[in-house]
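A short write-up of the structure that comes next.
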Amino acid sequence: MAKKVPLQPENFELETNTVWAFPNRGKWATHDAKYRGNCSHYIPRNVILRYSSEGDTVLDQFVGGGTTAVEAKLTGRNFIGFV
């Protein structure tokens, strides 16, 4: 039987200072911490939660691996991206 992957991070806390450090890259939803080419999933999650509300639209004009798109959907935002 396949192992279930959580859809949300465990013990997530919004960053409140100006220096962000994420020793754990995160393993939830479709994120794979083994691939080092993407940014830490905590970065777009923090920015999205701080500067938008549920139902808002997040624009990522450089989609790349889709980390921001996944975080937007997981946090209840709409998403527009350009590849």
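The values are calculated or read from the model by the stated rules, or taken from the named source; none is laboratory data. Predicted model only: the values in this text are computed from it and were never measured. Ideal geometry is used to build each Cβ from the backbone, glycine not excepted, and the neighbour counts take in all protein chains shown. We work out accessible area using only protein heavy atoms, side chains counted, and drop any ligands, DNA or RNA first. Shrake-Rupley method; radii C 1.70, N 1.55, O 1.52, S 1.80 Å.
So here's what we get for this one:
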read-out	value
Residue in the range 48-66 that is farthest from Phe82 (Cα to Cα), counting only those that are open to solvent by less than 100 Å² (accessible area, probe 1.4 Å) and aliphatic (A, V, I, L, M)	Leu49
Test: residue in the range 67-76 that is assigned to a loop (DSSP other than H, G, I, E, B), at pLDDT 90 or above, of a type outside the set (Ser, Thr, Tyr) and open to solvent by less than 40 Å² (accessible area, probe 1.4 Å)	yes
Output for the range 36-78, where each listed residue is among the polar types (S, T, N, Q) and either in contact (Cβ under 8 Å) with a residue 40 or more places away in the chain or farther than 14 Å from Trp20 by Cβ (or both)	Asn38, Ser52, Ser53, Thr57, Gln61, Thr67, Thr68, Thr75, Asn78
